[in-house]
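Below: one structure, written as structure tokens.
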Amino acid sequence: MRIGVDVGGTNTDAVLIAGGRVVASTKQPTSVDVSSGVTAAIGAILADAGVLAGNVGAVMIGTTHFTNALVERDRLDRVGIIRLASPSGEALPPMTGWPEALATRIAGATFLLPGGYEVDGREISPLDEAAVRAAARDCREQGIGSIAVSCAFAPINAAMEEWAAAIIADAHPDAHVSLSHNVGRLGLIERENGTILNAALASLAQHVMTSLERALAALGITAPLYISQNDGTLISAAEAARYPVLTIGSGPTNSMRGAAFLTGVDNGIVMDVGGTTCDIGVLANGYPRESSIAVDIGGVRTNFRMPDILAIGLGGGTRIHLSDTDDSVTIGPDSVGFRLTQDACLFGGSTLTTSDIAVAAGKAHFGDPDKIPALAPSLSVAILTRMADMLADGIDRMKTQSGDVTIIAVGGGHFLIDDDLKGAANVVRPDYASVANAVGAAIAQVGAQTDRIIDYDAQPRAAALEEMRETLLARVVAAGATRETAEIVDMDEVFLSYLPGRSAQLRMKAVGSLADAASLTSATLAEPRHVP
């Protein structure tokens with residue numbers, strides 16, 4: 001029996017899943033402090049299902065805390081930045097190309113120190129232990145409690161970063177240290193950027209995890225807490241407190257995983273229509289397709305794993321702008337968001353939204369249609385056509401091959417998607433589509449990934465693959481998965497012609513299901529009450 005929660009900008013959704021089925025669901029307004037909204041949502045589904053808090057085996061939460069903090073430039077720590085790549089890695093200083101406001105808010109002290117590796121594993125220069133120790137002491141004296149350590153080609157060899165972390169722990173015991181090989185992939189600048197962002201979120205992450213754990217305790221839930229990652233898998237709350245940046249894209253990912261679970265469709269396109277945007281992503285073997293390019297987070301280029309998502313400004317609360325001088329219409333990109341039930345015409349407000357248009361056209365049934373202003377039929381058709389064109393264009397931009405594809409429509413605003421949408425072979429609308437994000441959180445598995453460059457002349461390919469496989473499976477089991485469910489679900493191999501010999505870049509991903517936390521056979525469920 002699991003509880004899945006997804007915290008969005010407008011609503012906090014929660015579901016209770018038992019025996020592989022959804023037995024209760026709810027959609028609650030997201031609170032300012034987020035934690036009270038989570039408490040209200042979990043309390044509502046426990047009451048609906050008639051389940052005692054002690055019978056819950058695990059709680060999975062996807063949160064927007066950290067995304068909001070970066071966007072709003074708020075609640076961020078000052079960061080000490082240690083780059084181990086000198087003398088060759090000094091051409092571009094850390095935080096190059098960052099938005100000035102964010103850089104000013106985060107920048108603490110910067111240290112460009114000897115160290116790092118070449119792409120083939122050779123040292124650029126030895127680590128200077130004294131210099132690292134001096135940098136840690138300098139940060140301590142300046143009151144900087146978060147330190148980001150990046151090393152050239154650390155994903156190939158993490159030894160220098162681990163060594164530096166041990167030195168920092170000795171010289172500045174209270175510091176939170178973020179290591180780049182745990183955050184990003186090959187590519188020093190983007191990986192370092194992600195590590196700095198992670199370090200900036202350190203204090204907030206600790207506060208958020210503590211708040212969520214207290215909220216569960218107040219409800220009487222003693223089950224372990226897991227947090228959704230960007231790739232559709234889970235990490236423990238303790239690990240999320242250490243690496244919060246890995247949870248930033250969990251919202252769209254949860255929706256896609258939930259869509260796959262609710263429909264049984266493993267390959268297709270998911271369109272998650274919320275109050276402000278429609279997030280479009282590709283399902284590949286039941287998991288979101290990951291972005292293969294640098295991802296912009298708050299104006300900063302990063303290369304940690306993120307879902308390949310296209311967000312378009314069309315949601316249930318998107319405003320419709322009618323021209324006063326002609327018949328032209330503009331859709332969005334602004335939205336009334338969580339104020340839909342106060343500002344939209346069908347709820348007695350004065351703002352014309354896409355929900356008003358959809359209800360007037362009979363595509364959805366809520367609110368009071370009599371309060372929607374009458375529009376000329378031609379104008380209504382023009383607005384509906386423009387909305388359909390925006391969605392169809394989004395499908396075209398995400399497809400990788402010609403032909404129509406299966407579309408899974410989820411989210412509270414999925415009624416905006418027509419069944420005959422151009423580019424769709426068919427449109428699937430599962431039960432509980434409006435809370436698919438929470439379902440995705442509830443059914444998520446533990447996961448691990450690795451990214452290495454291997455010379456097959458030095459290590460046979462079969463041996464290299466087997467070593468990576470066993471290492472990854474062991475990491476998944478150590479994170480809480482059962483050994484019998486742990487499996488490799490994705491592998492990418494790219495041969496590197498610019499290196500001598502037969503070198504290749506290998507990426508591998510493993511997942512596994514959590515062991516049951518308790519026997520729940522005696523739990524008694526009331527007749528589930530829900531809003532599909």
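The values are calculated or read from the model by the stated rules, or taken from the named source; none is laboratory data. Source: prediction; values computed, not measured. FYI the Cβ positions are ideal-geometry reconstructions off the backbone, even for glycines, and counts take in every protein chain you see. The area values use the complete protein model at the heavy-atom level, side chains included, leaving out ligands, DNA and RNA. Shrake-Rupley method; radii C 1.70, N 1.55, O 1.52, S 1.80 Å.
Using only DSSP helix segments of four residues or longer, with each worth -39500 (n - 2.57), what per-residue ellipticity at 222 nm results for the chain after dividing by its residue count and rounding to 500?
-9500 deg cm²/dmol
Normalised radius of gyration for region 357-466, please: alpha carbon Rg relative to 2.2 N^0.38 Å, two decimal places.
Region 357-466 yields a ratio of 1.69.
Quick check: Cα centre of region 234-254 to Cα centre of region 6-21, how many Å?
Cα centroid to Cα centroid, the span is 16 Å.
Taking the inverse of the average 1/r across all pairs of different Cα atoms in region 23-156, what Kirkwood radius in Å do you get?
18.8 Å
For R137 and K422, what is the calculated FRET efficiency with R₀ set at 51 Å and r taken between the beta-carbons, to the nearest 0.05?
The formula returns an efficiency of 0.25 here.
Per residue, how big is the convex hull around the C-alpha atoms of region 268-359? Give it to me in cubic angstrom, could you? Mind showing how you got there, number by number?
Values: hull volume 13.1 nm³, N = 92.
Enclosed volume per residue, from the Cα hull, is 143 Å³.
Return the carbon/sulfur percentage of the accessible area of the chain, one whole number, probe 1.4 Å, all protein chains in place.
Taking all protein chains in place, the chain shows 50 percent carbon and sulfur surface.
Report the calculated FRET efficiency for D120 and S402 (r = Cβ-Cβ distance, R0 = 30 Å), to the nearest 0.05.
0.15
Calculate how large, on average over all directions, the projected area of the Cα convex hull of region 244-297 is; give the answer in nm² to one decimal.
Averaging across all directions leaves 4.3 nm² for the Cα convex hull.
Between I488 and R21, what length comes free when the chain is fully extended (0.36 nm per residue of separation minus the Cα-Cα distance, one decimal in nm)?
Fully extending the segment from I488 to R21 adds 165.6 nm.
So which lysines can K27 reach, going by Cα to Cα under 23 Å and dropping same-chain residues fewer than 8 places off?
The qualifying lysines are K363.
Taking every pair of alpha-carbon atoms in region 447-515, give the share separated by more than 20 Å as a whole percent.
In whole percent, the share of Cα-Cα pairs in region 447-515 beyond 20 Å is 33.
Based on alpha-carbon atoms only, what is the radius of gyration of region 305-380 relative to the globular estimate 2.2 N^0.38 Å? If you can, show how the numbers build up before the last one.
Working: Rg = 13.6 Å, N = 76, 2.2 N^0.38 = 11.4 Å.
The reported ratio for this selection is 1.19.
To the nearest 20 Debye, how big is the dipole of region 365-417 about its Cα centre, given +1 on the beta carbon of each Lys and Arg and -1 on that of each Asp and Glu?
Roughly 100 debye, rounded to the nearest 20.
For a bin width of 10 Å, list the pair-distance distribution of region 13-71 built from all Cα-Cα distances, rounded to whole %.
With 10 Å bins starting at 0, P(r) equals 20, 51, 23, 6.
So for W98, W163, what's the accessible-area order with a 1.4 Å probe, most first?
W163, W98
For region 85-235, take every pair of Cα atoms, bin their distances at 5 Å starting from 0, and report each bin as a whole percent.
With a bin width of 5 Å, the distribution comes to 2, 9, 16, 20, 19, 14, 10, 6, 3, 2, 1, 0.
Give me the accessible area per residue for the chain, probe 1.4 Å, as a whole number in Å².
It amounts to 41 Å² per residue over the chain.
What does the convex hull of the alpha-carbon atoms of the chain project to on average, in nm²?
Here the figure is 26.9 nm², rounded to one decimal.
How are the C-alpha pair distances of region 158-296 spread across 10 Å bins, as whole percents from the shortest bin up?
That works out to 11, 31, 33, 19, 5, 0, in percent per bin.
Tally Lys/Arg at +1 and Asp/Glu at -1 over every other residue whose Cβ is under 15 Å from the Cβ of G264; what's the total?
Residues near G264 contribute +1 overall.
Hey, for a label at D296 modelled as a point 7 Å past Cα toward Cβ, could you say which residues of region 207-243 have their backbone N under 15 Å away?
In region 207-243, the label zone of D296 (backbone N under 15 Å from the point 7 Å along Cα→Cβ) covers no residue.
Quick one: Cα centre-to-centre distance for region 347-405 and region 264-327, in angstrom?
What the calculation gives is 17 Å, centre to centre.
Kindly provide the Kirkwood hydrodynamic radius of region 145-215 in Å, to one decimal, from all pairs of distinct alpha carbon atoms.
12.7 Å
Please report, in whole Å³, the volume per residue of the convex hull around the C-alpha atoms of region 351-390.
Given the Cα convex hull of region 351-390, per-residue volume reads 69 Å³.
If R0 is 25 Å, what FRET efficiency do you get for A109 and H207 from their C-beta distance, rounded to 0.05?
Computed FRET efficiency for A109 and H207: 0.60.
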